[in-house]
Amino acid sequence: AIGPINSEKVKVLYNAVDTKSFRPYDISKLQVVKNKIRKLYDINVNQKIILYTGRLSKEKGVDVLLDAISSLDRHDYKLLIVGSVMHGSNRGDDYLAQIKDKANKMGNNIVFTNYISHSVLPDYYNVADIVILPSIWEEPAGLTMVEALACGAPVITTRSGGIPEYVGNDAIVIERDKMLIKNLAFSINKVLEDPEVYRRKGISRIKNNFSEDNY
């Protein structure tokens, strides 16, 4: 039988992101990108940008996000749902039909962008006032959160799987319990009141711990 392994001989290698691409933009580039995305999705200057990126599947909690958004007593936002049912494809399924039906009942503040190339995602993270991943399963390693924090975006997510190990204290982490929708709505509203308070919090954490160079 093999005995226990000395802990000094074990090293955890966390997944990493390219912090040369996923980084905060300077003011001039940010303004150009912001104008482009606002024009592309008909977002006026008074609207905050809420961003979800990832697969459009039940375990990712997109329906939970829509329920939380619908309970807000405000309409000064545009929710961009970036992603598809399967990576690189824009085919649909029953869940996609369900969340699109839910979104259609909420007016024109919800936009499904369909699949967007990974290389373009830094633009979206940089312009977002909040990035949200309300995962309801044991998320192994939600790199969406790592990418968003690397770009300086405020992040709201759930205590799910490996997510807390990645985001640490630099994101708002919500428990997955019966209060999830209510607490998510409360947190969204709190960040929208002043996104700058929550911006750029996780940049150094990601660069020092979860960059491809360190990996």
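The values are calculated or read from the model by the stated rules, or taken from the named source; none is laboratory data. As the structure is a computational prediction, the values presented were derived from the model and not from experiment. Here the Cβ is made from the backbone with ideal geometry for all residues, glycine too, and neighbour counts use every protein chain on show. Accessible surface is based on the protein model in full, side chains and every heavy atom, while ligands, DNA and RNA are left aside. Shrake-Rupley method; radii C 1.70, N 1.55, O 1.52, S 1.80 Å.
Beta carbons closer than 7 Å, at least 6 apart along the sequence or on distinct chains, pair a first residue in region 130-152 that is within 23 Å of I27 (Cα to Cα) and touching a residue at least 24 places away in the same chain (Cβ under 8 Å) with a second that is buried (at least 24 other Cβ atoms within 10 Å of the Cβ) and small (G, A, S) for V131/A148; V131/A153; M145/A171; L149/A171; L149/G202. Looking only at residues of region 14-69 that are under 30 Å from Y215 (Cβ atoms) and aromatic (F, W, Y), we find that the one that is nearest to the chain's Cα centre (by Cα) is Y52. In this structure, Y115 does not satisfy being among the aromatic types (F, W, Y) and open to solvent by less than 30 Å² (accessible area, probe 1.4 Å). When residues in region 186-210 are screened for being among the hydroxyl-bearing types (S, T, Y) and out of contact with any strand residue (DSSP E or B) (no Cβ under 7 Å at 6 or more places or on another chain), 2 of them pass. Would you say L149 is open to solvent by less than 20 Å² (accessible area, probe 1.4 Å) and not polar (S, T, N, Q)? Here the answer is yes, as L149 does meet what is asked. Condition check: farther than 20 Å from V64 by Cβ, surrounded by 19 or more Cβ atoms within 10 Å (Cβ to Cβ) and in contact with a Phe, Trp or Tyr (Cβ under 8 Å, 6 or more places away or on another chain). Does N126 satisfy that? The answer is yes for N126. Of the helices (runs of 4 or more DSSP H) lying entirely inside region 1-108, those containing at least 3 residues that are modelled with pLDDT under 95 and surrounded by fewer than 15 Cβ atoms within 10 Å (Cβ to Cβ) are 94-104.
Please work out which residue is nearest to A150 (Cα to Cα), limiting yourself to region 1-36 and to residues that are without any contact (Cβ under 8 Å) to a residue 24 or more places away in the chain and acidic (D, E). My answer is D26. Can you name every residue in region 110-132 that is closer than 22 Å to A97 by Cβ and in contact with a strand residue (DSSP E or B) (Cβ under 6 Å, 6 or more places away or on another chain)? Correct list: I110, V111, F112, T113, I116, I132. If you check K78, K105 for being more than 16 Å from the chain's Cα centre (by Cα) and farther than 18 Å from A171 by Cβ, only one passes: K105.
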